[in-house]
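The values are calculated or read from the model by the stated rules, or taken from the named source; none is laboratory data. Computed from a predicted structure; not experimentally measured. Ideal geometry is used to build each Cβ from the backbone, glycine not excepted, and the neighbour counts take in all protein chains shown. When the accessible area is computed, the model is the full protein with side chains, heavy atoms only, and any ligands, DNA or RNA have been set aside. Shrake-Rupley method; radii C 1.70, N 1.55, O 1.52, S 1.80 Å.
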Amino acid sequence: MRLRHIIIDGKPHKWSELVRLRREQLAAHRTQAHQPTLFDLKEDARPASERKAESRFRQPSLFD
């Protein structure tokens, strides 16, 4: 059984129309220029055990 309509917010929509619109969205997204970052990304030089707050709380290294 093929689904021909889908009900969204109480209104029936043609499934094929929704699929067409989604494909158009994806095509537009692919053709968009790359958006630059707002700031330079920096590598986290801390040891793996200190990168998350939970780990720093469980194993404090302030007095080591």
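Results, tabulated for the structure shown:
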| read-out | value |
| --- | --- |
| With every protein chain in place, the chain: carbon and sulfur % of accessible area (1.4 Å) | 56 percent |
| Mean Cβ count within 10 Å, highest first, over the residues of peptides 32-38, 52-58 | 52-58, 32-38 |
| Dipole magnitude of the chain, debye to nearest 20 (Cβ charges: Lys/Arg +1, Asp/Glu -1, about Cα centre) | 600 debye |
| P(r) tail fraction, the chain - alpha-carbon pairs more than 15 Å apart, % | 74 percent |
| 1.4 Å probe accessible area per residue over the chain, in Å² | 111 Å² |
| Residues of type lysines that LYS42 reaches as a straight line, Cα spacing below 30 Å, ignoring anything fewer than 8 places off in the same chain | LYS52 |
| Residues whose placed amide H lies under 5 Å from that of HIS5, excluding near-sequence neighbours | TRP15 |
| 3J(HN,Hα) from dihedral phi, the range 8-22, Karplus parametrisation 6.51/-1.76/1.60, rounded to Hz, x for glycine, proline | 10, 6, x, 10, x, 10, 6, 4, 5, 5, 5, 5, 4, 5, 5 |
